[in-house]
Amino acid sequence: MKTTSRTPELEHCEFSGFLRFLEHGAPDPLIRWHYHDSYELHFIIKSSGKLFVGDYIGDFSPGNLVLTGPRLPHNWVSTNIPEEGIPARDMAIQFGHAPLESAAKYIPELREIMPLLERAKYGIEFFNISEQAEQDFYRIRDAKDVSRFANFLTLLGVLARSTSYRLLSSAQMQSFDDDTSLAQINTVFTYITDNYSDPISADMLSAKLGMSPTKFSRFFRKATGNSFTDFVNHIRINKACQLLMNTDKYVTNICYDVGFNNVANFNRRFLEIKGITPKEFRSQAEGRFGSE
């Protein structure tokens with residue numbers, strides 16, 4: 001069977017200042033599966049449909065608020081656009097990383113938002129904040145110069161302190177305070193990512209780090225919030241999602257390509273993690289390109 005792939009389109013952003021504010025209706029050329037080098041804080045004004053962020057597929061409705069990190073592909077596909085269209089469906093604010101990172105070195109108050117930006121690489125959906133966020137978006141749109149930037153920082157601060165959110169595309173990874181532990185967990189992550197299709201055991205990696213299996217288990221759970229087995233399964237299922245989305249390989253072939261040794265176990269783990277079967281995921285994923 002011939003394998004084909006489809007790469008998300010890279011959107012080129014022109015900034016008039018640090019912030020770029022977008023507002024558009026539906027249908028619109030901007031509604032497409034794409035990614036760009038900036039962060040995007042995206043708010044749905046009207047309509048509902050399917051949300052695609054990385055390998056995540058879910059539903060959206062008015063008030064949906066999502067922050068995506070640089071080069072993380074995304075799309076919101078409305079399923080109920082009336083014949084006359086929707087004049088205002090989305091608002092989005094795009095901004096770069098480097099200016100905030102540099103400023104945070106000299107302005108301690110800005111450091112509060114850096115963990116938020118780290119989480120954004122997986123995509124973050126926020127809850128219980130829609131009304132305030134919509135008002136903040138309009139204030140940012142209508143303000144100029146320093147007032148615009150101040151309103152933007154106020155909104156980022158609210159999001160950084162929010163505890164009502166979920167990560168969309170992958171598992172959150174916790175950091176360590178010491179360089180040795182960071183280097184060790186990066187070694188583990190790199191090995192799993194590079195060798196997910198091969199047999200991988202906790203005993204093998206604990207020996208690689210010179211740890212007892214018990215110590216490695218505690219160490220790994222602190223780093224990822226997951227057991228070793230659950231984490232490896234998530235990595236493999238995420239890789240399977242990429243293949244289901246971007247190739248036309250058979251599900252059976254994908255099962256073995258990502259390191260599972262039988263289809264029944266693959267289907268069971270996929271259903272546990274994604275809530276749907278691989279075939280259902282592929283069917284829904286076809287909608288991420290909208291009307292293209």
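If you take every residue apart from Ala104 with its C-beta less than 11 Å away from the C-beta of Ala104, what net charge results, scoring Lys and Arg +1 and Asp and Glu -1?
-1
Relative to the compact-globule scaling 2.2 N^0.38 Å, provide the ratio for the alpha-carbon radius of gyration of the stretch 71-111.
Ratio of Cα Rg to 2.2 N^0.38 Å: 1.97.
Report the gain in length on full extension from Leu153 to Ser61: 0.36 nm times residue separation, minus Cα-Cα distance, nm rounded to one decimal.
This chain segment gains 30.6 nm when fully extended.
Would you mind finding the longest exposed-site-free stretch of the chain, with exposed trypsin sites (Lys or Arg not before Pro) meaning DSSP loop and at most 15 other Cβ atoms within 10 Å?
Longest run free of exposed loop sites: 145-292.
Measure nothing but the geometry: give the 0 to 90° angle between the long axis through the Cα atoms of 228-246 and the longest principal axis through the Cα atoms of the chain, rounded to 10°.
The answer is roughly 60 degrees.
On a 0 to 90° scale, report how tilted helix 213-224 is relative to the longest principal axis of the chain, with both axes built from alpha carbons and the result rounded to the nearest 10.
Helix 213-224 and the main axis of the chain meet at about 10 degrees.
Return, ordered by residue number, the residues of the stretch 256-292 whose backbone nitrogen is under 17 Å from a label point located 7 Å along Cα→Cβ of Met204.
What the label zone holds, given the 17 Å backbone N cut-off, is 256-262.
Stretch Asn262-Ser162 to full length: gain in nm at 0.36 nm per residue minus the Cα-Cα span?
Taking 0.36 nm per residue and subtracting the Cα distance, the gain is 31.9 nm.
Roughly what would the spin-label model give for Asp37 and Met114, points 7 Å off Cα along C-beta, in nm?
2.2 nm
Kindly put Ser61, Ser162 in sequence by how many other C-beta atoms sit within 10 Å of each C-beta, fewest to most.
Fewest to most other Cβ atoms nearby, the residues stand as Ser61, Ser162.
Evaluate the distance, in nm, between pseudo-label points positioned 7 Å from the Cα of Asn246 and of Asp142 along their respective Cα→Cβ axes.
About 4.3 nm, to one decimal.
Tally Lys/Arg at +1 and Asp/Glu at -1 over every other residue whose Cβ is under 12 Å from the Cβ of Phe270; what's the total?
My count for the surroundings of Phe270 gives +4.
Just in the stretch 49-140: which chymotrypsin sites (Phe, Trp or Tyr not before Pro) are loop by DSSP and have at most 16 other Cβ atoms within 10 Å?
Phe127
Roughly how many nanometres apart are two label points built 7 Å out from the Cα toward the Cβ at Phe18 and Phe127?
Reported label-point gap for Phe18 and Phe127 is 3.1 nm.
Given that just one value was derived from the coordinates, which of (1) 68, 43, 33; (2) 71, 40, 36; (3) 58, 50, 31 is Cα extents along the principal axes in Å?
Evaluating Cα extents along the principal axes in Å on these atoms matches (3).
If you stretched the chain out fully between Ile276 and Arg71, how much longer would it get, using 0.36 nm times the residue separation minus the C-alpha to C-alpha distance?
Roughly 71.2 nm would be gained on extension.
What number does the stretch 224-292 give for Rg over Rh if you use C-alpha atoms and the Kirkwood radius?
For the stretch 224-292, the value is 0.99.
Laboratory data are not the source of any read-out in this text; all were calculated from the coordinates shown. From a predicted model like this one, the values you see are computed outputs, not experimental measurements. No Cβ is skipped: glycine too gets one built from the backbone with ideal geometry, and neighbour counts run over all protein chains shown.
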